[in-house]
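Read the structure below first, then the notes.
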Amino acid sequence: MAEFLTTSEINASIEKIIRNAKQRIVLISPYIQISEIFADRISEAIKSKVKVDLVFGKTIPKDQQLGLLSLIKGLHISFLEHLHAKCYYNEESMVISSMNFFDFSARNNIEMGVFVDRKTDTALYEAAKREAEYIIDKSDIVEIHMPGRHSGHEDAGFCIRCGASVSYNPLRPLCKSCYNSWNLYGNADYEENFCHSCGDEADTSVKIPECRECYHTNTQRRAV
């Protein structure tokens, strides 16, 4: 029998679906912001020869999220403009819920969902799967091509304290004014306000000047 899920249970069930898959994973959500944990789980599944389809809609994710997705080699990504359904499944179980595949939703929203087991809820599972396959068939394949960030000119970055535009340099992630203020104490662990790479609000510091997503996607950028 189908099982009701709360927000935390939805998130845990989706992780189990990814972790326990043997053949295929389908992730359908209009809005996506994949956490590092889920990105790692998906990568592990693909390395184990599991086919993974991710379908999103509405809007194109931010560059740092696209950068993270581009690192998951073998992930099949597609786009359906009017998508509003949220469904996550493998060959044995499924979650149908109100929650987007969005890290913010899992941490901040109040969601509801239903867990479906293929063995005990065969008719429900197969009906939802047919609709999900229809969504996949109607969607357009997305190929992620991240633009080269270094073209001989100084790369753009952001001051981690005030958010002003500065040259990208993780060793000096503050503008001149904020650096002078910071240098009074010189605490490299002092909590700042913005990511040096994308400019989004984030818990950063002179020691770690980028948000988690940018830190993991900017290895090459930092090396140049």
Under a Gaussian network model of the chain whose springs join Cα atoms within less than 10 Å, the largest fluctuation of Gln23, Gln64, Gln33 belongs to Gln23
Based on other C-beta atoms within 10 Å, arrange Leu184, Leu27, Leu69, Leu124 from fewest to most.
-> Leu184, Leu124, Leu69, Leu27
Kindly write out, for the range 190-195 in residue order, the coupling ³J(HN,Hα) from the Karplus curve 6.51 cos²θ - 1.76 cosθ + 1.60 (θ = phi - 60°), rounded to whole Hz, with x marking Gly and Pro.
-> 4, 6, 10, 10, 9, 7
List the residues whose amide H sits under 5 Å from the amide H of Ser93, counting only those 5 or more places along or on another chain, with H placed 1.01 Å from N in the peptide plane.
-> Arg118
Which helices, counted as full DSSP H runs in the chain, have an axial Cα extent of no less than 18 Å and a Kyte-Doolittle average of -1.0 or above?
-> 7-20, 122-138
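Could you give the length gained on full extension between Glu36 and Ser205, defined as 0.36 nm per residue of separation minus the Cα-Cα distance, in nm?
Difference between extended and current length: 58.9 nm.
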Trypsin sites (Lys or Arg not before Pro) within the range 67-111: which are DSSP loop residues with at most 16 other Cβ atoms inside 10 Å?
-> Lys73
Summed residue charge, Cβ within 12 Å of Val114's Cβ, Lys/Arg positive, Asp/Glu negative | -4
Per-residue HN-Hα couplings for the range 167-183, Karplus 6.51 cos²θ - 1.76 cosθ + 1.60 at θ = phi - 60°, whole Hz, x for Gly and Pro?
-> 6, 6, 7, x, 7, 9, x, 10, 6, 4, 5, 5, 5, 4, 5, 4, 5
Cα-Cα longer than 28 Å, checked against Lys22/Lys62; Lys73/Lys176; Lys49/Lys86; Lys22/Lys58; Lys86/Lys207; Lys58/Lys119, kept in input order, equals Lys22/Lys62; Lys73/Lys176; Lys22/Lys58; Lys86/Lys207; Lys58/Lys119
Label corresponding to Cα extents along the principal axes in Å when calculated from the structure given, among (1) 66, 35, 32; (2) 53, 44, 36; (3) 55, 34, 30 | (1)
Ordered by fewest other Cβ atoms within 10 Å, a rough proxy for footprinting exposure, Thr122, Thr204 read Thr122, Thr204
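Throughout, read-outs are computed from the coordinates displayed, never taken from laboratory work. Since this is a predicted model, take the numbers as computed values, not measurements. Neighbour counts run over all protein chains shown; Cβ positions are idealised from the backbone, glycine included.
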